[in-house]
Each structure stands twice: as C-alpha cells, then as structure tokens.
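The values are calculated or read from the model by the stated rules, or taken from the named source; none is laboratory data. This is a predicted model, so every value here is computed, not measured. Cβ placement follows ideal geometry from the backbone for every residue including glycine, while neighbour counts extend to all protein chains displayed.
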Amino acid sequence: MAEIEYTLEQKRDLKTAVPGPKSRELAERRGNAIASGVASSVPAYAEKLDGGVILDVDGNQLIDLGSGIAVTSVGASAPKVVENVKNAVENFTHTCFMVTPYEGYVELGEKIAELTPGSFDKRAALFNSGSEAVENAVKIARTYTKRSAVVVFDHAYHGRTNLTLAMTSKVMPYKQGFGPFASDVYRVPMSYPFRDADGITGQEAAERALLLIEKQVGAENVAAVVIEPIQGEGGFIVPAEGFLPTLTKWCQDNGAVFVADEVQAGIARTGKWFSSEWEGIEPDLVTFAKGIAGGMPLSGVVGRAEIMNSVHGGGLGGTYGGNPVACAAALGAIETIEEWGLNERALEIEKIIKEELGDLAESSPIVGELRGRGAMMALEFVEPGSKKPNADAAKQIAAKCMEQGVVILTCGTFGNNVRLLPPLVIDFDLLRDGLRVFAKAIEEAGA
C-alpha cells in the first residue's frame, strides 16, 4: 500500500473567524450575481483543498468531513487524478463520444464492469450527473421490460431532474414548487431499523413493501425497483439484513429490473467498491457518480449486457457524457483507490468514528443512533427520552462545528441527521481532531 501524499499540512488552523473578511466580500459579490436558489452550507470560500483540509481565501484550514457530498473520496487534488487531467487536457477537452470516440471511455467501461458485483457479461454507458445516471437506468429498464412502472422507497433521494424528483421522497428543498412530476412512479416503505417496529426482520420489511407493489401496482407492470443500498440524503439508513436479497429475488421471479443506486454509497465509500456487496446481491443495473472521478463530473450505468443492449442505437448519450477529461480523472481515481488501499482506509475510518463517538452516542440523550458503513456514517438526533426527530440539534451542532473549523453536513427526511463523509485519504489524527470538536458540540447541545 503506497503512502498518501499531501501538499497541505494536515491540521486545523483558524486565522480568522469563519467566515473571514475575504469570504464575506465574496458572499456580497455572490448575492449580486448568483441565483438565491443555489445555496451553500459552508460560509467560507475555498482556495485549495488537499487530503482532509480545506484552505479558504482567508488562510483558514478547515477539516473536511463532507467531501463535497461524497465526491472527493480520493481527495480534491489527488496526484494521479491531477496528472491524468493535465495529460488529457493537452490532447483534447472534448470530441463528443457519439461523434468521435476515444479510448478513455472504453477503458473506463471495461474497468467499471470489473468492479461492480456479478460475474455476468456487462455493458456500460457514461453520463454527467447522478440524476442522469438514474434517469437513464429507468429508460433502459423500461425499454428492456416493455413496462412503465417504477418502484422507489420512503426516504429515497435519486436526483433533481423531473423524473428523479418524482422518485425522490423529500419535498423541501428538492421538490417544493417544481411539479407536476413524471408519472408511473410508486413509493413503498423502506426498511428503517431505528424507526421500524421492534423485531421486524429485513425479510419481513421487504415483504411489507412487496405486498403493496403487488396490490397497488401489479408485479406485471413493474419495469424497475430502484433503491439506494444505503440511503444517502434520507439519513444514511442501512436496511435490515435480508431486505435487499428479498427484493432482488422478487425482481428475478417477476421479470423486473433491480437497480442499485450507488451514487453516494459506491466507489469505496463503505469499504467495498459498491455497497451492494455487503449483502452479496448482484444488481441488474448499477448507477454510479460522485466519487468516481475525483471531483470531475462523470456518472454512468453498468449492468447486464442483455438489458443494457436492449436500447436502440442513439437512444443513450448526451453531448458531454463520458467527457474525455472526466474519464481520465476517473481512471486516475480508481488507480488511487487501489494503490492507496482506500477500501481498507474506509473501514479504518469507521473504526475511528466508533471509537470517538460510540460511547457518546450511547449516553447522550439527544442521540438516537450512530449508524452506517465505512466512511459513510451518521448520527440521528432525537428529542430526549423519545424518537421524535430533533432537527434543531443537528443544525445547532453543525453550526458549532463550523465555527470551530470543522465542516459537517446534515441530512435526513426529518433534517435530524449529521452525516460524516470524510475523504478516504484523511489523516487519522486530523480526523480525530474533527470528531472531538463534533463530540464536544453534541455534549453542549445535549446538556
């Protein structure tokens, strides 16, 4: 395993309050130039990112526990990614693969087919964003099955396009005012162990969902069942063991396409290349994005050859899909994950998070649960003595951490979760420092 290289000193260092004067000046300029619907959770403006550090324009070094929402898993300036991008840019920035193809697209398709679960013959198609990948997975499933119904789950997040907004569960801020949405999308209950009735198994939770599908949709009408193996925006919900295998078996038995939306949980984030591997399932189609290209915009769908090839020529694509520079970045990111052993580091990060926060999660009256896998962990905050969601605590804690130079993100259908998504390359001492700031903020909020 190669040693991780850093160009910034990996420590928290505050020169000014956050935000500092230069960030405040940029915020004023932003208000006169950028639409208010584009919001940011961090008030500081970035100048350079490396490892687990964000250097802002005022010279503050912040600890990054968000990774641009699970994007910069290999770091925001990984040497191999930077090298590959520079080389690609010198050759050409764009040709449009649908006009003049190039090797990088093909090589990435080959590589991603090797990494996704299942030993069957696969094909891939590349796009720009997670939303595009999910929408194209639905198009492919509908073409293959000659059916139209799409089944999704409570607490799901699948994107911001019209179809993926229909598939997304949470109204604010994603769906409010943007309807009407695409039709023939049906929502069923998710396995949510913290909030499910005591004792319900994963298989029983799946059977609860499947009964609704059969009675309210009709198995013969289902083109695809689409699920995040670990839900992201919904609150880092890990379904009970047996839930996912029961769903995949039902899809096999009823001719529906099982789609694993691995946009947030994939690409080594949970300690395996794809989170589907934790329960040994083999999805028909897998969508990926975020961590695949070290921060460059790239996404895709990969899956069974007979399903992927069911679409007519020209039916899949997009002007920028599989851009050559983004493909080069992705190949560099994959090489970085392999050389630096980042799947193993994700599991080490989980261990450290549990060491630093486990006892507090058990004792704090406002922490309902610490959950997740690998470097995809979250705490759910509740009102003391109950399971009532406590969004105010999550916001207060995130703000307190920001004041101390630690970037954390909230999430969840109820807005009451704080998620931890550090870069997989984060220095472990830096990680512990950030977690201790977080722990102190929890203690103060729960006092």
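A few notes on this one:
- Considering each residue of segment 403-414 in turn, at least one proves to be in a strand (DSSP E or B), within 22 Å of the chain's Cα centre (by Cα) and among the hydroxyl-bearing types (S, T, Y).
- For A219, the conditions (1) more than 26 Å from the chain's Cα centre (by Cα); (2) touching a residue at least 40 places away in the same chain (Cβ under 8 Å); (3) surrounded by fewer than 21 Cβ atoms within 10 Å (Cβ to Cβ); (4) within 15 Å of V257 (Cβ to Cβ) are fulfilled apart from (2).
- Total residues in segment 239-273, condition surrounded by 24 or more Cβ atoms within 10 Å (Cβ to Cβ) and in contact with a strand residue (DSSP E or B) (Cβ under 7 Å, 6 or more places away or on another chain): 14
- Every residue from segment 320-374 that is farther than 19 Å from D433 by Cα and of a type in the set (A, V, I, L, M): V325, A326, A328, A329, A330, L331, A333, I334, I337, L342, I366, V367
- Counted residues, segment 179-197 - those being surrounded by fewer than 15 Cβ atoms within 10 Å (Cβ to Cβ) and over 23 Å from the mean Cα position of the chain (by Cα): 4
- Matching residues in segment 415-432 - criterion: being in a loop (DSSP other than H, G, I, E, B), buried (at least 24 other Cβ atoms within 10 Å of the Cβ) and not polar (S, T, N, Q): L421, P422, P423, L424, V425, I426
- Qualifying position, being loosely packed, with under 14 Cβ neighbours inside 10 Å, of a type in the set (D, E) and farther than 20 Å from P189 by Cα, among E132, E114: E114
- Test: residue in segment 198-214 that is free of Cβ contacts under 8 Å to residues at least 12 places away in the same chain, surrounded by fewer than 20 Cβ atoms within 10 Å (Cβ to Cβ), among the acidic types (D, E) and more than 28 Å from I353 (Cα to Cα): yes
- Selection status of K400, out of contact with any helix residue (DSSP H, G or I) (no Cβ under 9 Å at 6 or more places or on another chain) and either surrounded by fewer than 22 Cβ atoms within 10 Å (Cβ to Cβ) or acidic (D, E) (or both): no
- Boolean, L379 is closer than 29 Å to A156 by Cβ, part of a strand (DSSP E or B) and touching a residue at least 60 places away in the same chain (Cβ under 8 Å): yes
- Within the option set Q203, Q216, being under 18 Å from P245 (Cβ atoms), modelled with pLDDT of 95 or more and not assigned by TED's automatic domain parsing to the domain that holds E380 holds for one residue only, Q203.
- Selection status of A149, within 24 Å of the chain's Cα centre (by Cα) and small (G, A, S): no
- Criterion: under 19 Å from S310 (Cα atoms) and hydroxyl-bearing (S, T, Y) - qualifying residue of S119, S183, S169, S148: S148
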